[in-house]
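Trainee: Below are the structure tokens for one structure; questions will follow.
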Amino acid sequence: MSEIALQAVELVRRIEGDVAHTLVNGIDLSVKKGEFLAITGPSGSGKSSLLYLLGLLDAPSEGEVIICGEPTSKLSESERADVRLTKCGFVFQFHFLLPEFTSLDNVLLPMRAAGKMSEPEMRERGLSLLGSLGLGEHANKRPNQLSGGQRQRVAIARALANRPEIIVADEPTGALDTVSTQQVFKILRDIADQGQTVVVVTHDPALAARADRRIHIVDGKIAESTGQGGGEAVCEMAT
Amino acid sequence: MKLLFNIAWTHVSTRVRQTLVGMAGVSMGVGFTIMMAGLMQGSQLDFLRQLVDTMPHITIEDERRSVPTQPADQEYAAVQMSDIANVGKRPGIKYPESVMSSLRSWIPGDVAPSAKSTAIINHGGARIGISLTGIDPRREVHVSKLATQMREGKIEDLSRSPNGILMGEALAEKLGVKTGNTVLLIGGQGIQLNSTVAGLFRSGLRSIDESQIYSLMGPAQIIMGQSGVVNQLRLRLNDPMLAQKVAAQVEAQTGYKSVSWQEANADLLSSFTVRDFIVLTVMGAMLLTSSFATYNIISTITHEKRQDIAIMKSLGMREYAVRRIFIIEAAIIGVVGILFGWVLGYLLCYGWSKITIFNPLTGTTVPLSIHYSLTHYAVVGGISLLCCAGAAYFPARKATRVQPVEIIRGAS
Ligand SMILES: Nc1ncnc2c1ncn2[C@@H]1O[C@H](COP(=O)(O)OP(=O)(O)O)[C@@H](O)[C@H]1O
Ligand SMILES: [Mg+2]
């Protein structure tokens with residue numbers, strides 16, 4: 001029996017307002033430790049909304065997100081921030097690096113915010129992360145001196161900085177050329193192979209095919225779940 | 001904290017012009033407020049110093065605080081009495097010499113007797129009501145600054161000329177008399193006395209310079225028609241601020257009404273309180289206004305950095321930590337602004353102190369008196385820093401409260 005890193009139970013996210021809208025409509029999901037899960041679905045189907053819930057960027061209207069066995073619905077705002085800082089790295093479609101800082105400083109940001117390591121340790125880790133993503137010589141460049149693919153890789157390095165259990169990425173290659181897309185996917189694959197859990201939203205069926213498991217979302221619900229068997233088994237265990 | 005400072009620094013250092021405007025705003029607020037504080041307190045202290053120098057610190061009068069009980073009251077247990085002649089000759093202070101020597105044994109200062117009365121001065125057809133005080137020149141030097149206020153002649157000259165008097169320059173000018181001239185003094189009971197002007201003084205307080213005349217005890221007592229009477233003792237203390245306390249003790253001991261300079265000038269001092277309040281309000285408003293530039297900058301930065309705020313929050317930085325970045329930015333602007341403001345304030349004060357103005361009270365040209373006080377710098381700086389922090393807090397709170405998804409959704 002393998003450990004479950006990330007679990008969603010009856011997850012619902014509604015938007016109140018003049019036109020009430022259900023972004024995520026009852027999703028049950030379990031992701032094993034070290035699993036690479038791809039989420040596909042048409043535009044506007046609620047993939048990003050689901051990911052924000054899984055990454056604790058947003059709070060569900062109903063249901064529960066369990067991260068490393070810990071339910072999160074009762075956590076305070078600062079406790080949720082701590083989970084984001086240490087357990088769950090987020091990669092956005094747009095890189096969202098701080099423009100005034102170098103690649104290295106951007107990668108150091110979560111480590112500095114956590115304040116668990118000494119400055120030399122942090123620098124060493126930051127440089128080795130950038131190096132492993134092929135950005136060794138770009139450590140001291142600012143985001144506007146980098147290409148789109150390079151920026152996205154810096155963003156991945158930043159997400160990895162505090163060694164989170166889980167990496168959540170929302171169309172990380174959506175704005176990239178083919179070569180960069182391949183690079184980024186290989187990196188994500190490697191991360192999963194090294195034992196970290198990866199959940200990634202993508203439009204690209206070829207890329208989704210390289211994941212351990214795929215779920216297809218339509219109108220905020222899981223329409224289809226395919227993969228190498230493990231997925232369903234885990235789901236059953238979880239429910 | 002270092003991280004927050006780093007981020008804050010990049011924000012302000014990439015906006016040089018805006019940052020400088022903010023700092024200039026703070027500097028000017030601080031500078032002008034310090035200047036105002038120095039000027040206001042300087043002039044006030046100057047005035048008080050003059051007042052304290054000119055007036056006796058405590059005056060003991062030959063009267064009681066309440067109307068003395070009438071003998072008839074005690075004898076007949078009368079219910080009510082009216083039309084009692086309570087004014088006649090002034091009773092004078094009984095055994096003034098022994099009262100004075102007893103006071104001298106404990107008060108931190110000195111005491112001198114005087115005979116105070118009113119009279120009319122008549123010269124060349126001009127008749128002016130004045131206040132005549134008979135003094136003892138040897139003792140007077142211990143209780144008043146009259147000796148240093150003499151412009152012509154000396155206090156001792158009183159005894160050298162027949163019925164000598166000292167008058168204020170302003171009065172002399174009004175009457176057109178000079179030292180050595182003779183004037184006619186007329187007392188309440190019609191007693192007339194030819195007096196020689198033995199000297200002129202200038203106290204700086206117009207009310208005194210225009211209507212106060214000093215003579216020896218003798219002539220004053222003649223004018224009053226009461227020879228030998230001492231109706232006033234005047235005290236000068238080493239520390240004028242003790243006057244109220246000492247006056248109360250003196251009154252308790254002697255039973256005579258003792259008035260401290262503070263009590264005698266209560267209306268003036270209370271007008272100071274009102275003035276202080278107004279000035280403090282204005283200075284506070286100046287500091288508050290000067291931090292508006294800071295408010296403006298922080299508002300702009302938080303607005304421009306909405307996305308960065310969302311990123312930092314989504315990465316897991318706590319809301320208060322992100323908010324602190326902007327408070328630090330305001331503090332950087334504030335601290336630098338305050339430092340320059342201190343320099344500006346000092347220079348302004350220094351500049352003012354070089355300006356001399358004609359003082360119509362004293363008729364002299366004197367430099368503006370400025371009070372330099374580290375307290376001004378500390379208090380003004382502190383308040384200004386608080387204003388800056390407040391100016392940053394509200395926009396920062398508003399900006400950092402936003403849920404990161406709201407901005408990230410919009411951006412992607
Ligand atoms: N704050 C919001 N208010 C109203 N509708 C929203 C809001 N956020 C997202 N939506 C809508 O919800 C749907 C799901 O959005 P999203 O999760 O971004 O889909 P996806 O990432 O799959 O394209 C979209 O139709 C989007 O327009
Ligand atoms: Mg999306």
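Trainee: Go through the stretch A:50-59 and give me each residue that's surrounded by fewer than 24 Cβ atoms within 10 Å (Cβ to Cβ) and within 16 Å of A:I222 (Cβ to Cβ).
Mentor: Hit for the stretch A:50-59 is A:L51, nothing else.
Trainee: Which ones in the stretch A:191-208 are closer than 16 Å to A:I4 by Cα and open to solvent by less than 10 Å² (accessible area, probe 1.4 Å)?
Mentor: A:A192, A:T197, A:V198, A:V199
Okay, residues lined up against (1) polar (S, T, N, Q); (2) under 24 Å from B:L48 (Cα atoms); (3) open to solvent by less than 40 Å² (accessible area, probe 1.4 Å):
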| position | (1), (2), (3) |
| --- | --- |
| B:V336 | no, no, no |
| B:V343 | no, no, no |
| B:C349 | no, yes, yes |
| B:T364 | yes, yes, no |
| B:H371 | no, yes, no |
| B:S384 | yes, no, yes |
| B:Y393 | no, no, no |
| B:R397 | no, no, no |
| B:Q403 | yes, no, no |
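Trainee: Is it the case that the stretch B:38-48 has a residue that's open to solvent by less than 50 Å² (accessible area, probe 1.4 Å), away from chain A (no Cβ under 14 Å), outside any helix (DSSP H, G or I) and not aromatic (F, W, Y)?
Mentor: No, the stretch B:38-48 contains no residue that is open to solvent by less than 50 Å² (accessible area, probe 1.4 Å), away from chain A (no Cβ under 14 Å), outside any helix (DSSP H, G or I) and not aromatic (F, W, Y).
Trainee: Looking for something at the interface with another protein chain (Cβ under 8 Å from one of its Cβ atoms), open to solvent by less than 20 Å² (accessible area, probe 1.4 Å) and either β-branched (V, I, T) or under 19 Å from the mean Cα position of the chain (by Cα) (or both) - is there at least one such residue anywhere in the stretch A:112-134?
Mentor: No, there is no match, as no residue in the stretch A:112-134 is at the interface with another protein chain (Cβ under 8 Å from one of its Cβ atoms), open to solvent by less than 20 Å² (accessible area, probe 1.4 Å) and either β-branched (V, I, T) or under 19 Å from the mean Cα position of the chain (by Cα) (or both).
Trainee: Mind checking which strands (runs of 3 or more DSSP E) fall wholly inside the stretch A:159-221 and carry at least 3 residues that are within 14 Å of ligand 2 (Cβ to nearest atom)?
Mentor: Qualifying strands (runs of 3 or more DSSP E): A:166-170, A:197-201.
Trainee: If I filter the stretch A:18-32 down to residues being under 14 Å from A:G69 (Cα atoms) and among the aliphatic types (A, V, I, L, M), which single residue comes out as nearest to ligand 1 (Cβ to nearest atom)?
Mentor: Going through the stretch A:18-32, the residues under 14 Å from A:G69 (Cα atoms) turn out to be A:29-32.
Among the residues that remain, those that are also among the aliphatic types (A, V, I, L, M) are: A:29, A:31.
On the way: A:L29: 15, A:V31: 18 Å.
Ranking the qualifying residues of the stretch A:18-32, first place goes to A:L29.
Trainee: Another question, if that's okay. What are the residues in the stretch A:58-109 that are of a type in the set (K, R) and at the interface with another protein chain (Cβ under 8 Å from one of its Cβ atoms), if any?
Mentor: Looking only at the stretch A:58-109, we keep the residues that are of a type in the set (K, R), and these are A:74, A:80, A:84, A:87.
Selection gives A:R84 alone.
Trainee: Taking the stretch A:172-190 on its own, how many of its residues are touching a helix residue (DSSP H, G or I) at 6+ places or on another chain (Cβ under 8 Å) and either open to solvent by 10 Å² or more (accessible area, probe 1.4 Å) or farther than 26 Å from A:R158 by Cβ (or both)? Break it down into steps so the answer makes sense when it comes.
Mentor: Just the residues of the stretch A:172-190 that are touching a helix residue (DSSP H, G or I) at 6+ places or on another chain (Cβ under 8 Å), to begin with: A:172-173, A:175-177, A:179-181, A:183-185, A:187-188.
Next cut, either open to solvent by 10 Å² or more (accessible area, probe 1.4 Å) or farther than 26 Å from A:R158 by Cβ (or both) only: A:173, A:175-177, A:179-181, A:183, A:187.
So the answer is 9.
Trainee: With the structure loaded, tell me whether A:R142 is away from ligand 1 (no atom under 16 Å from the Cβ) and closer than 22 Å to A:V201 by Cβ or whether it fails that test. Don't jump to the end; show me each part of the working.
Mentor: Details: away from ligand 1 (no atom under 16 Å from the Cβ): yes; closer than 22 Å to A:V201 by Cβ: no.
The answer is no for A:R142.
Trainee: Being within 11 Å of another protein chain (Cβ to nearest Cβ), assigned to a helix (DSSP H, G or I) and open to solvent by less than 40 Å² (accessible area, probe 1.4 Å) narrows it down to one of B:I34, B:I7, so name that one.
Mentor: On the way: B:I34 fails: within 11 Å of another protein chain (Cβ to nearest Cβ).
Of B:I34, B:I7, the one residue that is within 11 Å of another protein chain (Cβ to nearest Cβ), assigned to a helix (DSSP H, G or I) and open to solvent by less than 40 Å² (accessible area, probe 1.4 Å) is B:I7.
Trainee: On to the next question. Between residues in the stretch A:18-29 that are within 14 Å of chain B (Cβ to nearest Cβ) and residues that are open to solvent by 30 Å² or more (accessible area, probe 1.4 Å) and within 8 Å of ligand 1 (Cβ to nearest atom), which pairs lie under 6 Å by C-beta distance while being six or more apart or on different chains?
Mentor: Going by the 6 Å Cβ cut-off, the qualifying pairs are A:H21/A:I15.
Trainee: Of the residues B:S105, B:S114, B:S98, which is over 33 Å from the mean Cα position of the chain (by Cα), modelled with pLDDT of 85 or more and polar (S, T, N, Q)?
Mentor: Working: B:S105 fails: over 33 Å from the mean Cα position of the chain (by Cα); B:S114 fails: over 33 Å from the mean Cα position of the chain (by Cα).
Matching residue, one of B:S105, B:S114, B:S98: B:S98.
Trainee: Another question, then. When the residues of the stretch A:1-17 are narrowed to those that are in contact (Cβ under 8 Å) with a residue 40 or more places away in the chain and within 15 Å of ligand 1 (Cβ to nearest atom), which ends up most open to solvent (accessible area, probe 1.4 Å)?
Mentor: Looking at the filtered set, the residue picked out is A:R14.
Trainee: Here's something else I'd like to know. Working carefully through the options A:Q145, A:Q196, find the one that is in contact with a Lys or Arg (Cβ under 9 Å, 6 or more places away or on another chain) and modelled with pLDDT of 90 or more.
Mentor: Values: A:Q145 fails: in contact with a Lys or Arg (Cβ under 9 Å, 6 or more places away or on another chain).
When all the criteria are applied, what remains is A:Q196.
Trainee: Residue by residue through the stretch B:13-30, note down the ones that are among the β-branched types (V, I, T), assigned to a helix (DSSP H, G or I) and either within 11 Å of chain A (Cβ to nearest Cβ) or under 13 Å from B:S384 (Cα atoms) (or both). Lay out the reasoning, then the answer.
Mentor: First pass over the stretch B:13-30, keeping only residues among the β-branched types (V, I, T): B:14, B:16, B:19, B:21, B:26, B:30.
If we keep only those that are assigned to a helix (DSSP H, G or I) as well, we get B:16, B:19, B:21, B:26, B:30.
Selection gives B:V26, B:V30.
Trainee: Residue pairs, Cβ under 6 Å, 6 or more apart or interchain, first in the stretch A:116-135 and without any contact (Cβ under 8 Å) to a residue 40 or more places away in the chain and under 13 Å from A:A157 (Cβ atoms), second basic (K, R) and open to solvent by 20 Å² or more (accessible area, probe 1.4 Å). List them.
Mentor: Taking only residues 6 or more apart or on different chains, the pairs are A:L135/A:R153.
Trainee: Further question: Please go through the stretch B:284-305 and pick out each residue that is within 12 Å of another protein chain (Cβ to nearest Cβ) and open to solvent by 10 Å² or more (accessible area, probe 1.4 Å).
Mentor: Residues of the stretch B:284-305 within 12 Å of another protein chain (Cβ to nearest Cβ): B:301, B:304-305.
Result: B:E304, B:K305.
Trainee: Follow-up. Based on this model, can you work out whether B:R409 counts as within 14 Å of another protein chain (Cβ to nearest Cβ), within 16 Å of ligand 1 (Cβ to nearest atom), more than 22 Å from the chain's Cα centre (by Cα) and open to solvent by 70 Å² or more (accessible area, probe 1.4 Å)? First the steps, then the outcome.
Mentor: Details: within 14 Å of another protein chain (Cβ to nearest Cβ): yes; within 16 Å of ligand 1 (Cβ to nearest atom): yes; more than 22 Å from the chain's Cα centre (by Cα): yes; open to solvent by 70 Å² or more (accessible area, probe 1.4 Å): yes.
In short, yes.
Trainee: Here's another thing I want to ask about it. Filter the stretch A:33-46 down to the residues that are at negative phi and either more than 13 Å from ligand 1 (Cβ to nearest atom) or within 12 Å of the chain's Cα centre (by Cα) (or both) and list them by number.
Mentor: Just the residues of the stretch A:33-46 that are at negative phi, to begin with: A:33, A:35-40, A:42-43, A:45.
Once the filter is applied, which keeps residues that are at negative phi and either more than 13 Å from ligand 1 (Cβ to nearest atom) or within 12 Å of the chain's Cα centre (by Cα) (or both), the stretch A:33-46 yields A:K33, A:E35, A:F36, A:L37, A:A38, A:I39.
Trainee: In the list B:E210, B:E263, B:E173, which residue meets the criterion of being within 19 Å of B:G153 (Cα to Cα), free of Cβ contacts under 8 Å to residues at least 24 places away in the same chain and within 30 Å of the chain's Cα centre (by Cα)? It would help to see each step written out before you state the result.
Mentor: On the way: B:E210 fails: free of Cβ contacts under 8 Å to residues at least 24 places away in the same chain; B:E263 fails: within 19 Å of B:G153 (Cα to Cα).
Going through B:E210, B:E263, B:E173 in turn, just one is within 19 Å of B:G153 (Cα to Cα), free of Cβ contacts under 8 Å to residues at least 24 places away in the same chain and within 30 Å of the chain's Cα centre (by Cα): B:E173.
Trainee: Here's another thing I want to ask about it. Given (1) away from ligand 2 (no atom under 16 Å from the Cβ); (2) open to solvent by less than 10 Å² (accessible area, probe 1.4 Å), identify the lone condition not met by A:I27.
Mentor: Failing condition for A:I27: (1).
The values are calculated or read from the model by the stated rules, or taken from the named source; none is laboratory data. Bear in mind that the values here come from a model prediction, so they are computed numbers and not experimental data. Note: ideal-geometry Cβ built from the backbone for every residue, glycine included; neighbour counts use all protein chains shown. We work out accessible area using only protein heavy atoms, side chains counted, and drop any ligands, DNA or RNA first. Shrake-Rupley method; radii C 1.70, N 1.55, O 1.52, S 1.80 Å.
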